[in-house]
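The values are calculated or read from the model by the stated rules, or taken from the named source; none is laboratory data. These numbers were taken from a predicted model, which means no experiment stands behind them. When we count neighbours, we look across all protein chains shown, and the Cβ atoms used for this are built from the backbone with ideal geometry, even at glycine.
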Amino acid sequence: MNLAVITGADGGMGMEITRAVATAGYQVIMACRDPQAAEPKRQLLMRETGNPRIETAPIDLASLASVAAFAEHLLKRGEPLALLMNNAGTMETERRITEDGLERTVSVNYVGPYLLTRKLLPLMGEGSRIVNMISCTYAIGHLDFPDFFLRGRKGGFWRIPIYSNTKLALTLFTIDLASRVKHKGIVVNAADPGIVSTNIITMHMWFDPLTDILFRPFIRTPRKGAATAVGLLLDEDAGKRTGTLNASCRPKSLSEKYTRHVQMEELWERTESIVKKWL
């Protein structure tokens, strides 16, 4: 069992994660929205790692039909899945609604990865690992139902709170799923990369110049940002823990506010009802 799936594998952190996983000898599927655009990066990674078993495959996390089609293709192949890295993410600059009636950030950052993970579980077993890329912003997230799915948040569009809400949802999914699949020997953990210099962050759109100056020293390179996720995927010790949130390559203590979140079960049930036609 040495197949790995990495979403957003052609992005900044995605490239670093793919490089590490391919170097470790895994067969890697780079799940990208535009495989043609990702092809030069695939070629580069094959040369750099000496691993010819890297392929690209199309997935659009803003389309549940696309997510389901990607998963169905893998299910038909029937190869056991060792690693699933839900890395892809977005922070929209305006409210956009998907073909499924979901706010786009919510689909790409949470519902899409949820559906992908749920569909691929039959390929996973003892020793398989799932890693979800979250963000420290989960701590300011709120889940207002049904607004969360339809609009990202209650009220007007505001990109940072909506992004934070999706990362809270993904964190709760990590904790909940970990307990549901523990008996199968599958471990599920979350990685917080810190503030990373990738295409998702355009500093001038976030902060005033003074805040930019204050934050700039804390911005990590994609390689440093990816390190926690890479450790969760590959380190032997990381395979012994599940349902944890990790930052700076270490597990972080979570309060019962999150481990027993009052909306965790409702979030699962509402998400299940959205994706059930694709399961």
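Six or more apart or on different chains, Cβ atoms under 7 Å: show the pairs whose first residue is in the stretch 223-251 and touching a residue at least 24 places away in the same chain (Cβ under 8 Å) and on the phi > 0 side of the Ramachandran plot and whose second is of a type in the set (Gly, Ala, Ser) and surrounded by 16 or more Cβ atoms within 10 Å (Cβ to Cβ).
Within 7 Å, the pairs are 243/178.
For (1) touching a residue at least 40 places away in the same chain (Cβ under 8 Å); (2) out of contact with any Cys (no Cβ under 9 Å at 6 or more places or on another chain); (3) farther than 29 Å from residue 273 by Cβ; (4) buried (at least 20 other Cβ atoms within 10 Å of the Cβ), each residue gets a yes or a no:
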| position | (1), (2), (3), (4) |
| --- | --- |
| 2 | yes, yes, yes, no |
| 11 | yes, no, yes, yes |
| 34 | no, yes, yes, no |
| 62 | yes, yes, no, yes |
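For (1) of a type in the set (Gly, Ala, Ser); (2) part of a strand (DSSP E or B); (3) over 14 Å from residue 92 (Cα atoms), each residue gets a yes or a no:
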{"site": "157", "(1), (2), (3)": "no, no, no"}
{"site": "160", "(1), (2), (3)": "no, no, no"}
{"site": "166", "(1), (2), (3)": "no, no, no"}
{"site": "173", "(1), (2), (3)": "no, no, yes"}
{"site": "178", "(1), (2), (3)": "yes, no, yes"}
{"site": "191", "(1), (2), (3)": "yes, yes, yes"}
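Identify all residues within the stretch 33-58 that are farther than 15 Å from residue 4 by Cα, among the hydrophobic types (A, V, I, L, M, F, W, C) and under 20 Å from the mean Cα position of the chain (by Cα); write none if there are none.
Correct list: 38 only.
Can you find, within the stretch 176-191, the residue that is nearest to residue 259 (Cα to Cα) among those that are crowded, with 23+ Cβ neighbours inside 10 Å and either in contact with a Phe, Trp or Tyr (Cβ under 8 Å, 6 or more places away or on another chain) or in contact (Cβ under 8 Å) with a residue 60 or more places away in the chain (or both)?
If we take residues in the stretch 176-191 being crowded, with 23+ Cβ neighbours inside 10 Å and either in contact with a Phe, Trp or Tyr (Cβ under 8 Å, 6 or more places away or on another chain) or in contact (Cβ under 8 Å) with a residue 60 or more places away in the chain (or both), then 189 is nearest to residue 259 (Cα to Cα).
Can you name the condition, by its number, that residue 21 falls short on among (1) surrounded by fewer than 20 Cβ atoms within 10 Å (Cβ to Cβ); (2) under 14 Å from residue 234 (Cβ atoms)?
(1)
Criterion first (at pLDDT below 95, on the phi < 0 side of the Ramachandran plot and surrounded by fewer than 19 Cβ atoms within 10 Å (Cβ to Cβ)) does residue 157 satisfy it? Give the steps one after another, and end with the answer.
Working: at pLDDT below 95: yes; on the phi < 0 side of the Ramachandran plot: yes; surrounded by fewer than 19 Cβ atoms within 10 Å (Cβ to Cβ): yes.
Yes; evaluated as a whole, the condition is true for this residue.
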